[in-house]
Amino acid sequence: MKNLVVLTGAGMSAESGISTFRDAGGLWDQYPVEQVATPEGYAANPKLVINFYNERRKQLLEVKPNRGHELLAELEKYFHVTVITQNVDNLHERAGSTEVIHLHGELTKVTSSFQPNNPRFIKELKPEEYEVRMGDKAPDGSQFRPFIVWFGEAVPMIETAIDYVDKADIFVIIGTSLNVYPAAGLLNYVHSGVPVYLIDPKEVRIASGRAVHVIQKGASEGMEELKKMLLEIRD
Ligand code: APR
């Protein structure tokens, strides 16, 4: 089976009812990004940040995967699929995707404020624990913080992601404005000759100038079309 590597962003979950970040009315219009998505913002007002992510977590209980997520999961019948997502929701997993790399963390997890990337302190929350409170502590005595990669923080999963991209036979990009690095740079690791597809209702600027098959549609409709195209080039 060919290796199909898919990079997804907020647009993948838009049809499930989760706002994107940079579209008009997006999350970064509603909340100052410096306050809720930087280590400095967290240091200045941890309660505000914890509440912001409590709200995001609560929303997970109200949304469900869309047809786009489902079609992507179904492609596992025909390809070895690796999903590299910038999304912190769990909709790929809930749709049935079995190999999902979260570059920017996961809403369903919390971790130590002192050592956020130490696996010993990363804890998966059950839905009834989604409301994290000030005073909820990691085993090292620090406040439990969201397991989210904030602006200015290291992206530990990027190396794993690069290893998969390096082995991709087909590369697909869905619903990301490609504004945020290092995720946006993953395309540079796709070998030449590997077909690249992009699904997005808007035009996305590709810095590398590489040839891309653009499907200018939303994730669900775009995935229907992509599936047909991919089945023609599977082995
Ligand atoms: N289907 C597919 N794509 C869509 C849809 C849809 N229905 N609706 C909108 N989009 C596209 C937009 O056109 C845009 O190109 O999704 C993209 C969303 O871009 P951003 O809001 O910038 O989101 P993303 O690229 O995922 O952001 C990257 O930025 O703030 C950080 O950590 C956050 O992971 C996030 C990162």
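The values are calculated or read from the model by the stated rules, or taken from the named source; none is laboratory data. From a predicted model like this one, the values you see are computed outputs, not experimental measurements. Note: ideal-geometry Cβ built from the backbone for every residue, glycine included; neighbour counts use all protein chains shown. Each accessible area value is taken on the protein alone, full model and side chains, heavy atoms only, with ligands, DNA and RNA left out. Shrake-Rupley method; radii C 1.70, N 1.55, O 1.52, S 1.80 Å.
Observations, loosely collected:
- Remark: accessible surface ordering of Ile174, Ile122 (largest first) is Ile122, Ile174, probe radius 1.4 Å.
- Dipole magnitude of the chain about its Cα centre (Cβ charges: Lys, Arg +1; Asp, Glu -1), debye to nearest 20: 160
- Choice from Lys77, Lys217, Lys202 with maximal GNM fluctuation in the chain (Cα, 10 Å cutoff): Lys77
- Per-residue extension of 0.36 nm, minus the Cα-Cα distance of Ala43 and Thr160, leaves a gain of 39.2 nm for this segment.
- Solvent-accessible area per residue in region 12-101 equals 45 Å², computed with a 1.4 angstrom probe and all protein chains kept.
- Full extension of the chain segment joining Asn54 with Lys167 gains 37.0 nm, where the gain is 0.36 nm per residue of separation less the Cα-Cα distance.
- Evaluating kT/(6 pi eta Rh) at 10 °C and 1.306 mPa s, with the Kirkwood radius of the chain over Cα pairs in the Stokes-Einstein relation, gives 86 µm² s⁻¹.
- Efficiency of FRET between Arg133 and Asp23 - r from beta-carbon atoms, R0 45 angstrom, step 0.05: 0.90
- Full extension of the chain between Tyr31 and Glu203 yields a length gain of 59.4 nm, computed as 0.36 nm times the residue separation minus the alpha carbon distance.
- Protection proxy ranking of 101-109, 128-136, 192-200, by the mean of other Cβ atoms within 10 Å over each peptide's residues and highest first, is 101-109, 192-200, 128-136.
- Charges were assigned to the Cβ only: +1 to each Lys and Arg, -1 to each Asp and Glu. The resulting dipole of region 69-128 about its Cα centre is roughly 300 debye.
- Helical runs (DSSP H, four residues minimum) scored at -39500 (n - 2.57) apiece and divided by the length of the chain put the mean residue ellipticity at 222 nm at -8000 deg cm²/dmol.
- Heavy-atom accessible surface of region 107-150: percent carbon and sulfur, 1.4 Å: 52
- Shape parameters for region 155-231, alpha-carbon atoms, Rg then Dmax in Å: 12.4, 34
- Rounded to the nearest 20 debye, the dipole size of region 148-224 about its Cα centre is 240 debye, using +1 on the Cβ of Lys and Arg and -1 on the Cβ of Asp and Glu.
- In region 1-47, a dipole from Cβ-located charges (positive for Lys and Arg, negative for Asp and Glu) runs towards its positive end, and of Thr38, Phe21, Val6 it is Val6 whose Cα lies farthest in that direction.
- Kirkwood Rh, Cα atoms: Rg over Rh of region 1-128: 0.99
- The chain: most fluctuating residue of Val63, Val81, Val110 per GNM, C-alpha cutoff 10 Å: Val63
- Cα-based Lys proximity count in the chain, under 18 Å, for pairs eight or more positions apart or on separate chains: 21
- Heavy-atom surface analysis with a 1.4 Å probe gives region 1-91 a carbon and sulfur content of 52 percent of its accessible area.
- Label-reachable residues, region 61-88, where backbone N falls under 14 Å from a point 7 Å from Thr98's Cα toward its Cβ: 73-83
- Qualifying GluC sites (Glu not before Pro) for region 182-231 [loop in DSSP, other Cβ within 10 Å: at most 11]: Glu203
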